[in-house]
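Bear in mind that the values in this text are calculations on the coordinates, not laboratory data. Keep in mind it's a predicted model, so treat the numbers as computed, not measured. All Cβ positions, glycine included, derive from the backbone under ideal geometry; neighbour counts span all protein chains shown.
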Amino acid sequence: MVISYTVGLLPYLLAVAALIGLIFRLLAPLAKLPGPWYTALTSLVLNYHEFTHGRTLYIHRLHQKYGPVVRLAPNEVSFSTADAVKEIYMSGGSGYDKTEFYSLFTQFRTRTLFSTLPRADHSYMKRYMADRYANTSVMKPEVLDGVSSHAKDFLKKCLEGCAAVSYADIYIHLHCFALDGVTHQLFHPYGTHANRDEKDFRLAKEMSYHDSLKSNFALYYMPWASDVVHYFNPPKPAPLTNDYVLKSSAGSSPSPFSLLSKLQAQAKATSMPPHYVPAECKDHLAAGVDTTGDALCFLMYQLSQPTLESERIQGSLRKELMENPSTPFDRLPYLDAVVKEGLRCFPPIPMSMPRYVPQGGSTIEAHHIPGGTIVSCQVYTVHKDPGVFPQPLEFQPERWLDAQGEIERNRWFSAFGAGGRGCLGRHLAMAEMKLLLREVYSQCRTTVSDQMNSDMEMEDQIIASRPKGQCCKLVFEKVV
């Protein structure tokens, strides 16, 4: 009798519990923040956009409607100001601690610099490898000569493609270039030459096309169901990449400027985990291919548009390059403006980089945010604030040459992240982009092929963003 009575009450007890939970969420501090009503109750709408490659644009639309502070879920808030970037990512040197989201980026079951969560551990790891990516190291001839050689390989491959089939698919060849550039820095003399070696080309293809977004997000939200997730949506297969990294990481006598030489020396002097060296190298490899390759792809496609404005910009760039053939690439103002505008419009990592608010809470944009809340700033949205970047959707390199507003523009520019946990390879990436563009546009004019029918909209991946169609057909025409 008692059991029957209790079972009969169960639906009502569950309903009361649900109602109490609903009331608590509606009375929680975050419920008072701007945002759609449903975000105070559930994260399901946000999750839907994540799983369908649309998180970035969904959050951007919310900011356009609700302003610089938007509640995304019962325990998650997005901000879109430079002051919020400074607080979240730069306070205390490296900002707030990372969330478990970054655990998705372990390699060989080992945490790397990027996937290390506590700030103190990250600072220790960064200290012994940061010098390899310092601008003084990147600007050494042994680094720049290698990158320049790979830029020549890229242009040669594209011209051969145009001669054979009237166009070149720069999407894959730029990923090859990025692979060659980062492996030169990581492993020299064991780097790749993917634009002229078939084996290395297959490695670049393996790294450039697989879609692992759904699998990774499923693991993030349902780690207890990892076996089921892997069964229906296996993780990114990378046998060629793993084999290359493991063999190269074990190579003897790497070049003194390489990251491998520093990691091997550190491994001998300390008690590192067995797979730490290859894990760290693979992480840098993955970070350096898609980001640089996709950023260049979006930028060259923009420069090649059949509009008078794009033709003018490409002509101005070519004029500067042809008139200053011996000027170092970092002293060419228009080239720098083109690259920065490309990174503003098409940031290689446009999405939110989530962090935990410290215990005790913080004040961000005049709102008190409780400790443990997930907060972030989305670079895509920060870069499109019309008060800082007038006509933000237009590609205007000249905005970076205007002294008026220069300090504020640079304060809001965060294509490589911010603070102590920003992109370690930013100087290498800038050098790669500028050397590649100088090689191409000092000699050629590029236009969009009439056979180009692929979608060039930005498509979210787990952390980066790539052209949706993963193909970009351009025509290269020699002008000198």
Give me the dipole magnitude in Debye, nearest 20, for region 32-478 about the Cα centre, with unit charges on the beta carbon: positive for Lys and Arg, negative for Asp and Glu. 700 debye
Per DSSP, loop trypsin sites (Lys or Arg not before Pro) in region 84-151 with at most 12 further Cβ within 10 Å: ARG109
At 1.002 mPa s and 20 °C, plugging the Kirkwood radius over alpha-carbon pairs of region 266-412 into Stokes-Einstein gives what diffusion coefficient in µm²/s? 114 µm²/s
Could you tell me which of rounded, prolate or oblate describes region 64-107, using a ≥ b ≥ c as the square roots of the eigenvalues of the alpha-carbon gyration tensor, with rounded for a/c under 1.5 and, failing that, prolate when a/b is larger than b/c and oblate otherwise? oblate
So who's got an amide H within less than 5 Å of the one on CYS377, skipping anything under 5 residues away but keeping other chains? H placed 1.01 Å off N, in plane. PHE79, MET353
Determine the principal axes of the Cα atoms in region 237-327, then give the extent along each, sorted from largest to smallest and rounded to whole angstroms. 59, 36, 18
Over 32 Å (Cα to Cα) among LYS86/LYS152; LYS247/LYS478; LYS282/LYS473; LYS32/LYS86 -> LYS86/LYS152; LYS247/LYS478
As a test of the formula, what do you get for the chain when each DSSP H run with n ≥ 4 contributes -39,500 (n - 2.57) and the sum is divided by the residue count, at 222 nm and rounded to the nearest 500 deg cm²/dmol? -16000 deg cm²/dmol
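Would you list TYR48, TYR220 from fewest to most Cβ contacts within 10 Å?
Working: TYR48 12, TYR220 17.
Ascending number of Cβ neighbours within 10 Å: TYR48, TYR220.
For region 32-478, how big is the tail of P(r) above 28 Å, as a whole percent of Cα pairs?
Everything past 28 Å amounts to 51 percent.
Defining a contact as two alpha carbons under 8 Å apart and six or more residues distant in sequence, what relative contact order in percent does region 32-478 show? Working shown, then result.
Working: 721 pairs, mean separation 105.0, N = 447.
Reported relative contact order: 24 percent.
Under 8 Å for C-alpha pairs, at least 6 residues apart: give me the relative contact order for region 329-468, rounded to a whole percent.
Taking the mean separation of contacting Cα pairs over the length of region 329-468, I get 28 percent.
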From fewest to most C-beta neighbours within 10 Å, the residues ASP153, ASP402 line up as ASP402, ASP153
The answer for the longest stretch of the chain without any exposed GluC sites (Glu not before Pro) (DSSP loop, at most 15 further Cβ atoms within 10 Å) is 1-393
Only Lys, Arg, Asp and Glu count, each charged at its Cβ (+1, +1, -1, -1), so figure out the dipole size of region 258-337 about its Cα centre, rounded to 20 debye. 320 debye
Provide the descending list of Cα extents for region 315-379 along its principal axes, expressed in whole angstroms. 58, 18, 17
